[in-house]
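Below is one structure; the comments refer to it alone.
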Amino acid sequence: MRGEAKLRDHAVVLGAGIAGLVAATVLAERFALVTVVERDQLPDSPIDRRGVPQGRHLHSLLSRGSQILEELHPGFLADLVEAGALILDDPDMHRIHSRVGPYTFNRTHSAADPTALVTYLASRPFLEFHLRRRVEALPNVAFLDGHDVGELFSTQPHRITGVTISPRDSTSSETLSTDLIIDATGRATRTPLLLDRLGFPPPAEHTFTADGRYYSQQIEIPDQDSFRERLILVLPEGKAQRGGLMACENNTWTLTIAGRASDLTHTPTDFADMLTLAGDFIPPHIQPALHSAQPLTEVQTYRYPGGTWRRYDRLARHPDGLLVLGDALCSLDPINGQGMTMATLHGTTLRAHLSRTGRVDPQAFYTAIAAITKPVWASNAQQPSGRGNKSSSPLSLRAFAWTRRKILESAADDMMITERLMRVANFIDPPQRLIAPGFLARVAAHHIKRGLTGRSNTPAAKH
Ligand SMILES: Cc1cc2nc3c(=O)[nH]c(=O)nc-3n(C[C@H](O)[C@H](O)[C@H](O)COP(=O)(O)OP(=O)(O)OC[C@H]3O[C@@H](n4cnc5c(N)ncnc54)[C@H](O)[C@@H]3O)c2cc1C
């Protein structure tokens, strides 16, 4: 698409996180100049930065997310691996250990389409750094880092025409006039407030409360070859410990303990505490190697109050010249590892929108985004209420939870069911594939067979 006639002169992207970088890539195909404004001084190496505090915690990228990054930047994934990221492409997915509630997954056969589920492992700073390198190389993208976003302004009726920005180390400010502003400033977005100040209605907000806590440490595991798993994600039900262990670039690992504040038995402050809590969910055969690991960082903490979906799609009146995407539009429960992939989907939605309409129609864009967000939001919003509040769940939610449990139980024995679950979890297939009649019939057949043989899918049965 590069080389086609440009839509307009100048687009401005606020925020250089994953959503901002993806948006800048897409806009560079259509605008003569794209300016990315970022509060942080952007580092010239893959290190943590203040504006992305969540980057110190386990960040796994779903398969669909990596596919989109490759579509936008051909050769990106090979470069990532060349720079030290890990690729998990085994047909039987043996290097991934995932447990949901008490249920583990079948690994006795190969997946029918393993290429769809290839997973790339790298820390968030590493992934973002390499993506930024690609975006910086685009000839019509400029980065203004070390600049804070101030006010939106409007010099035409019904249109945002610019934004004020100020260098972080100065009280001066300047204005950027633009044809389109993309807000990708993440959870701290100020767009609802700024719209209100300009007399535009702010969006309604849907929220759920999670009261989550994340504790993470980067570690080295000298004995890492004593086990084959490279991505371990455990999401038990109820109050049990949740968390993960993920291999990252260049033989480093991230160990994350996650949970609701009220569920954590104690607050980890050092590696010994982290090991105690990890003892609840890391498979026993990995424990000896984990106990010989060396911490590379202090324990990092992140408080996560809950999720917010700002319903721009439901606004009666949109200003032209402004779109919101990424976490600024919808932030999810991080434990599901969907946020970065949602940001890439927002980018491809924007790309399709611009290519189809040749102009920016906020209502059409937000309607398309809402269609993608709805099922993901629904499953996120159900989880906290599912924990510890089962009696008040409506019938439809209990029916959903029951079906999900039956599917997860069957996945222990059946690679086809495991693969279908993984495809949906990785956003390769839509969630409706889990309620397709043929699929549910296969699940039912398993339960009948299991009822006859008396077998069950429990961690004890599958380690
Ligand atoms: C603890 C935790 C763990 C997570 N784990 C995963 C995971 O495993 N997998 C996954 O896919 N997702 C995960 N996520 C979600 C993921 O981090 C985000 O969804 C994803 O990064 C997309 O975010 P974004 O680009 O919209 O915003 P961000 O990544 O937050 O980026 C926003 C950018 O805007 C800049 N900015 C903010 N305000 C201003 C301003 N006023 N002026 C200028 N710049 C500004 C910030 O400095 C930052 O660079 C996790 C989130 C958390 C909190």
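Here the chain exposes an accessible surface that is 53 percent carbon and sulfur, computed with a 1.4 Å probe and the other protein chains kept in place. For the Cα trace of the stretch 168-212, dividing Rg by the Kirkwood Rh returns an Rg/Rh value of 1.06. Oblate is the label for the stretch 1-90, because the ratio a/c of its alpha-carbon gyration tensor axes (a ≥ b ≥ c) is 1.5 or higher and a/b is not greater than b/c. Annotation: the antiparallel percentage among DSSP beta bridges lying fully within the chain is about 65. Hull surface divided by four, with the convex hull built on the Cα atoms of the stretch 2-157: how many nm²? Projected over every direction and averaged, the Cα hull of the stretch 2-157 covers 12.9 nm².
Suppose all protein chains stay in the model; what accessible area per residue would a 1.4 Å probe give for the chain, in Å²? Mind showing how you got there, number by number?
Details: 19650 Å² over 463 residues.
I get 42 Å² per residue for this part.
Between the C-alpha center of the stretch 351-365 and that of the stretch 142-179 there is a gap of 24 Å. Per-residue packing, averaged as other Cβ atoms within 10 Å, sorts the ranges 432-438, 94-100 into the order 94-100, 432-438, beginning with the highest. Between the alpha-carbon centres of the stretch 240-277 and the stretch 24-86 there is a gap of 25 Å. Mind grabbing the base-10 log of I(q)/I(0) for the stretch 57-115 at q = 0.22, 0.23, 0.31 Å⁻¹? Debye formula, identical points on the C-alpha positions, no solvent, two decimal places. Taken in order of the listed q values, log10 I(q)/I(0) reads -1.07, -1.12, -1.30. Subtracting the Cα-Cα distance of S262 and L440 from their residue separation scaled by 0.36 nm leaves 60.5 nm.
Helical runs assigned H by DSSP (4 residues or longer) give the chain a calculated mean residue ellipticity at 222 nm of -10000 deg cm²/dmol, each run adding -39500 (n - 2.57) before division by the residue total.
Which FRET efficiency value, to the nearest 0.05, is calculated for L193 and S172 with the Förster distance at 22 angstrom and r the Cβ-Cβ distance?
Values: r = 22 Å, r/R0 = 1.02.
Efficiency for this residue pair is about 0.45.
If the segment from D211 to D9 were pulled out straight at 0.36 nm per residue, it would be longer than the present Cα-Cα gap by 68.4 nm. Where the alpha-carbon atoms of the chain are placed on the principal axes, they occupy 72, 48, 43 Å, in descending order. Tell me whether the stretch 146-224 comes out rounded, prolate or oblate; compute the Cα gyration tensor, take square roots of the eigenvalues as a ≥ b ≥ c, and use a/c under 1.5 as the rounded threshold. Cα axes put the stretch 146-224 in the oblate bin. Given a Förster radius of 35 Å and the C-beta distance between T164 and E298 as r, what FRET efficiency does 1/(1 + (r/R0)^6) yield to the nearest 0.05? E(calc), rounded to 0.05, equals 0.40.
At a Förster radius of 41 Å, what calculated FRET efficiency corresponds to the Cβ-Cβ distance of A32 and T276, to the nearest 0.05?
Details: r = 57 Å, r/R0 = 1.38.
The calculated FRET efficiency here is 0.15.
Whole-Hz Karplus values for the stretch 119-129 come out as 10, 10, 10, 6, 5, 4, x, 5, 4, 5, 4 Hz, taken residue by residue from phi with 6.51 cos²θ - 1.76 cosθ + 1.60 and θ = phi - 60°; glycine and proline positions read x.
The values are calculated or read from the model by the stated rules, or taken from the named source; none is laboratory data. As the structure is a prediction and not an experimental result, all values here were calculated from the model. Reconstructed Cβ throughout: ideal geometry from the backbone, glycine too, with neighbour counts over all protein chains shown. Areas reflect the complete protein model, heavy atoms only, side chains present, ligands, DNA and RNA absent. Shrake-Rupley method; radii C 1.70, N 1.55, O 1.52, S 1.80 Å.
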